[in-house]
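Note sheet for the following structure.
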Amino acid sequence: MSRPRVDVVLTMNDRPAEEAAAQATLRAQSGVDVRVVVVGNGCKPEVVPPGALTLHLPENAGIPGGRNAGADALHETDDPAEWLYFLDNDASFPRPDVLARLVAEAEGHPEAGWVQPRLTGPDDVTTPRRWVPRLRASNPGRPGKVASMTEGVVLIRRDAFDKVGGWDDQLFLYHEGFDLAWRLYDAGWSGWYAASIRMHHPLTKPARLPACLPACLPACLPACLPRALPPARRPQQDLDRPPPPPRPAPPPLPERLDRDHPGPGRTRQRTATNTARNARGLDGTAQP
């Protein structure tokens, strides 16, 4: 029986130390045949595992664009694998059977276009809520169907990926996982969260990349904002719209109401009476 074949797209930019750790755990994977392409996104790859393809993009094409370029390079070779695994270079495999188990999960859920492992910190336990690809994120150990993905550690069926056109490279950075997941759903696939299979990632803060924002936002926002907002709420139209009129002040609450119509006024009066009674105590004496 032949072993499953997985094409791995490893994207990098400027983290050679993390890249070496990611590659070491990738090369240790067993039970699958792996081909690797290392994509230098705006740089020349310097850390490359033996036998891997290399792809040098002269300019930073954005994270989705770099992933697409790597997937295309593997597709152009003879007989591309049935499975694509996208790996960011600051993630690592905690066990040598991660890829084999992910493929087994995908084969057990033929309706799933992608299989998402659980992402944890290096302690193999801590999973921030933002890393859980579903609602009810307080229990990251619960598996099930999902409608989003964690882009940098995900297994995707090659035919599903090609059918929907891959990643949207206009997004440059962030939200490309939601976009791809929704397009896969539109094409008839679902996603599966394999919570018992873990990948490791540094426990970084969401705002850990402030230096890149001035460079990426001009490319990202024009592409994603018009699609994220309905036509009536797009920024320029909001600027052209006159401000809404001020809201009228609410009517004052009555201080006293009839006994047959209890309301806020009687409630305030009752509360004041109870407060004074509690201050005196049950026997009528003042309380300390």
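The values are calculated or read from the model by the stated rules, or taken from the named source; none is laboratory data. Everything numeric in this text was worked out from a predicted model, so none of it was measured. A quick note on method: Cβ atoms are made from the backbone with ideal geometry, for glycine too, and the neighbour counts reach across all protein chains shown.
Remarks
- Residue match in segment 166-184 (condition: touching a Lys or Arg at 6+ places or on another chain (Cβ under 7 Å) and not in a loop (DSSP other than H, G, I, E, B)): no
- Meets criteria (crowded, with 16+ Cβ neighbours inside 10 Å, within 27 Å of Val132 (Cβ to Cβ) and touching a helix residue (DSSP H, G or I) at 6+ places or on another chain (Cβ under 7 Å)) for Asp88: no
- Leading residue by the ranking (modelled with the highest pLDDT) among those in segment 63-101 that are in a loop (DSSP other than H, G, I, E, B) and among the aliphatic types (A, V, I, L, M): Ala81
- Qualifying positions in segment 102-133 - in a loop (DSSP other than H, G, I, E, B), more than 20 Å from Ala187 (Cβ to Cβ) and not hydroxyl-bearing (Ser, Thr, Tyr): Gly121, Pro122, Asp123, Asp124, Val125, Pro128, Val132
- Across segment 164-175, not a single residue is classified as under 25 Å from Ala21 (Cα atoms) and charged (D, E, K, R).
- When restricted to residues that are of a type in the set (D, E, K, R), crowded, with 18+ Cβ neighbours inside 10 Å and over 10 Å from the mean Cα position of the chain (by Cα), segment 171-188 contains 2.
- Residues of segment 189-202 that are buried (at least 18 other Cβ atoms within 10 Å of the Cβ) and in a loop (DSSP other than H, G, I, E, B): Trp189, His201.
- The lone exception for Arg101 - which of (1) under 14 Å from Ile197 (Cβ atoms); (2) touching a helix residue (DSSP H, G or I) at 6+ places or on another chain (Cβ under 9 Å); (3) of a type outside the set (Val, Ile, Thr) it fails: (2)
- Being of a type in the set (D, E, K, R) and within 15 Å of Leu155 (Cβ to Cβ) is a property that Glu59 lacks.
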